[in-house]
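J.: Dropping a structure here in structure tokens format, bear with me for questions.
The values are calculated or read from the model by the stated rules, or taken from the named source; none is laboratory data. This is a predicted model, so every value here is computed, not measured. Positions of Cβ are backbone-derived with ideal geometry, glycine not excepted, and every protein chain shown enters the neighbour counts.
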Amino acid sequence: MIGRVLGLSPGELRHATLLAAAQLTLLWRGQAVVRRGRTTTRSAFAIALWTNLFMGVFLPLGTGVALPERVRAGVWMAMGFLMTGSLVAGEFAMSLLEHRDADVLFHRPVSSRALYAGRLLQITGTVLLVTFGFFTGPAMAGFAMSGWNPLFPLLYLAGGLMQVVFLTLAILALYAFLARFIHIERVKAVAGFINAILAIGIMMSYQGQMLWARVGDSLEALRGAAWTYFVPPAWFSAPVEILYAGPQSHLVAQALIGLASVPLMAAVASGVLRRSYQERLARGLEHRRLGLHAPRRPLLTWAARLLFVRRGAETAGFELVARLYGTGKLLQATAIFFALILLAVWQGIVKDPYAPSDDLFAFMGTFYQGLLCFMMVTTAGQVRHSPYAGAAWILQTAPLGRYGDFYAGVKKAVLALSLPVYAGAFVAIGLLWPPAHALLYVAFPVVSGVLFLHAHSLWDHELPLSEEPAVGSAGTRMIVLILASLFFGVAASAAHSFAFRLGPQVFAAFWAALALALIASSGFSRWMLNRLSPLARAPE
Amino acid sequence: MTASIAVHELSKSYGASLAVDRISFTVAPGEIVGYLGPNGAGKTTTLKMLCGMLAPTSGTAHVAGRDIIADTIEVKRRIGFVPDSDAIYEGLTPYEFLRLVAHLHELPEAAAEERMEHHLRRFGLLDHLYEPMSTFSKGMKQKIVLTSAFLHEPEVLFLDEPLTGLDVNATLLVKDTLHELARAGRTIFYSSHMLDVVERVAMRVVMIHRGRIVLDGPVQEVLARANEPSLEELFRSLTREAP
């Protein structure tokens, strides 16, 4: 019966059920077959954490509190769902849309339809888990507050379930649609950017909170107005509101819209997802047929050529770091960092240090620029503290006579990985400042950052990727790095701003000195690293 | 003929603990030598010293005619190494990993890809070329490590438990490959606990116990000399601890 509805043969249904059951069981234990499952579990727990954060504003829903409060609560809730939902859906989309399922199909006797159905069952199971994690606490609290009316938790959980399903499906459909045109990692980076804007801009900044408060107040007079028909949280809280306010027509209408919206969104998401999924599978299988000469990461190759990676050892250093750190979390971190800069400038926390002003906040611009100056050094620290420490034997047994060349490749990779952040910062700041000021503000951290990177490579000249990741930020090296970034980075940035204020001649001389220092440090660090090479001699 | 490996009075101590105690032996080109010993005997320490990963405390050693201390880089250019762990850069695909190894050895791209394809096809891994190695089984990773050791066609191969995690077919394939390499004049220094495999693969065995060489000779000869039916029995009699 179920198989017929889903269009699966009994064998396919059995495969799908077994796959989903295995996935869910392992997901629960945090050891999913698909590695992404572990992250999904963490996301589910993150949602539970959000529950605690939102309890205070969520409880007034449907308990006779003034509408603005409920609107605000609804908006906060929607944002919470959007953020956490985008994380969860992103992880699902990764499982569904990356080539890994092509691998499963290639090597296992499972049809693509069975795999697809299994994945959907997996999503459904996790959504249920998330819903109960999210809503059970408030439902029980509301149950007590409503005088133990059993309808409250029932309607509340039903509305909550529909809301989570609706938003997850909507985000999943969006991911699936975008993934047809953009790599899924980049889609996630966009989601990370939006999350950062939402989380920091709206929830933490004073102006953001005031904005939403004003929205709430101004909506007091709009009870039952047209806008409420377009806001999903209003649809899904309508059943609980009916419990208290009675079956008013606008509430009933909203509840019905909510009821219809879920299957509608499921149909849309399913259609988009199925198409993207099958396209990705086809592409994944095509990769296998292409054999050795399949095109690989052309962007990275282009970046390598752009940065003039010359010799074998230098290429090895570049490719090792760029390929290990070039995607995934780093991309998301870049997006979040970009969002932070945009937000800081937009909020007036960071002000143009090259504009004539006595504003105290202009100093914050210099301070922030100082942190940008040291960003590459902290990235290099991440490369050193690597989860791949056990694989250091590969470099230890390689004939790396000119270790400086290898490390030069590592440094170029760090620069290449950092460039999107600087480019993003330039675009973000350029929207609000004069473009020349934005360029100056970003160019100085790039140039001085490379200078700092050369200095850092001499201090931290042991093999990259050779130490277990430091636990927390308690490591002495990390503390030294943070202090150095605060001191040297901010000092350099302050000197740059000061030179700017002293006039064009002084400023030009400052940049000329900087360029000379850069050239000298590049040659010197390469020469010193060749001499210091931990690989040219066996360790004691 | 110059020995591929010549070790003379080589020692390594970690503080007060003597891991390798004045060992000496030579290995001729094209020879497959099984290096045996119980846990903690000093096998891995010896291999690490000969591969330039660890400095000896005293003594000398030459690999492929080069001094392992004075000419470490030239030694590393001429050796291939397979460690006893399957730790590799799992975030990379086999293609990326093997390209990295090729770059480290400064191999021409075309030659590297040709050899990569040849070895991976033999190991049945060509279809997995673009998959992240994090999804690989231990045996699959071991095949990639073996491929990386063969890639630059080294004169001397140091193998530390190379068959760990491999299935029967892959084990047979590795054994055949080792014989082919030996016939082509490559030297193979093979450290293992799998005595039955060593007995069939190696031409000669060197046994280390408590940091000292306790046996050195062709397999059949040492068995006959000790009047033991197999390497396992010989190993047991030589390494048996006093009650």
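J.: Given the residues B:Val27, B:Val20, which is the only one that is away from chain A (no Cβ under 12 Å), over 23 Å from B:Val201 (Cβ atoms) and under 19 Å from the mean Cα position of the chain (by Cα)?
T.: B:Val20
J.: I need the full set of residues from region A:244-261 which are in contact (Cβ under 8 Å) with a residue 12 or more places away in the chain and either in contact with a Pro (Cβ under 6 Å, 6 or more places away or on another chain) or surrounded by fewer than 18 Cβ atoms within 10 Å (Cβ to Cβ) (or both), in order please.
T.: Passing the criteria: A:Tyr244, A:Gln248, A:His250, A:Val252, A:Ala253, A:Ala255, A:Leu259.
J.: Quick check: is even one residue across region A:444-461 under 30 Å from B:Lys76 (Cα atoms), at pLDDT below 90, assigned to a loop (DSSP other than H, G, I, E, B) and more than 14 Å from chain B (Cβ to nearest Cβ)?
T.: yes
J.: Quick check on A:Arg477: is it at pLDDT below 90 and either exposed (fewer than 14 other Cβ atoms within 10 Å of the Cβ) or closer than 22 Å to A:Glu314 by Cβ (or both)?
T.: Considered against the rule, which asks whether it is at pLDDT below 90 and either exposed (fewer than 14 other Cβ atoms within 10 Å of the Cβ) or closer than 22 Å to A:Glu314 by Cβ (or both), A:Arg477 comes out as no.
J.: What number of residues within region B:32-59 are on the phi > 0 side of the Ramachandran plot and within 12 Å of chain A (Cβ to nearest Cβ)?
T.: So the count comes out to 1.
J.: Please count how many residues of region B:95-118 are more than 9 Å from every other protein chain (Cβ to nearest Cβ) and in contact with a Phe, Trp or Tyr (Cβ under 8 Å, 6 or more places away or on another chain).
T.: 1
J.: Looking at the structure I just gave you, is B:Phe123 more than 21 Å from the chain's Cα centre (by Cα), of a type in the set (A, V, I, L, M, F, W, C), farther than 25 Å from A:Glu314 by Cα and more than 7 Å from chain A (Cβ to nearest Cβ)?
T.: Considered against the rule, which asks whether it is more than 21 Å from the chain's Cα centre (by Cα), of a type in the set (A, V, I, L, M, F, W, C), farther than 25 Å from A:Glu314 by Cα and more than 7 Å from chain A (Cβ to nearest Cβ), B:Phe123 comes out as no.
J.: Would you check if there is a residue in region A:514-524 being buried (at least 20 other Cβ atoms within 10 Å of the Cβ) and modelled with pLDDT of 85 or more?
T.: no
J.: May I pose another question? Could we say that B:Lys12 is basic (Lys, Arg), buried (at least 20 other Cβ atoms within 10 Å of the Cβ) and under 30 Å from B:His179 (Cα atoms) here?
T.: The answer is no for B:Lys12.
Rundown of residues vs (1) part of a helix (DSSP H, G or I); (2) touching a strand residue (DSSP E or B) at 6+ places or on another chain (Cβ under 6 Å); (3) within 10 Å of chain A (Cβ to nearest Cβ), yes/no style:
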site: B:Val7; (1), (2), (3): no, yes, no
site: B:Leu10; (1), (2), (3): no, yes, no
site: B:Ala61; (1), (2), (3): no, yes, no
site: B:Gly80; (1), (2), (3): no, yes, yes
site: B:Ala87; (1), (2), (3): no, no, yes
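J.: Keeping to region B:158-179, report how many residues are part of a loop (DSSP other than H, G, I, E, B), surrounded by 17 or more Cβ atoms within 10 Å (Cβ to Cβ) and either among the charged types (D, E, K, R) or more than 16 Å from the chain's Cα centre (by Cα) (or both).
T.: Qualifying residue count, region B:158-179: 1.
J.: For region B:113-136, state whether one or more residues are aromatic (Phe, Trp, Tyr) and surrounded by fewer than 21 Cβ atoms within 10 Å (Cβ to Cβ).
T.: Looking through region B:113-136, at least one residue is aromatic (Phe, Trp, Tyr) and surrounded by fewer than 21 Cβ atoms within 10 Å (Cβ to Cβ).
J.: Can you tell me how many residues in region B:134-149 are modelled with pLDDT under 85 and more than 8 Å from chain A (Cβ to nearest Cβ)?
T.: Looking only at that region, the number is 4.
J.: Restrict the check to region A:383-401 and report whether at least one residue is away from chain B (no Cβ under 11 Å) and at pLDDT 80 or above.
T.: No, the conditions are met nowhere in region A:383-401.
J.: Tell me, please, whether a residue that is part of a helix (DSSP H, G or I), of a type outside the set (A, V, I, L, M, F, W, C), crowded, with 23+ Cβ neighbours inside 10 Å and under 25 Å from the mean Cα position of the chain (by Cα) can be found in region A:402-415.
T.: Checked against the condition, which is being part of a helix (DSSP H, G or I), of a type outside the set (A, V, I, L, M, F, W, C), crowded, with 23+ Cβ neighbours inside 10 Å and under 25 Å from the mean Cα position of the chain (by Cα), region A:402-415 yields at least one hit.
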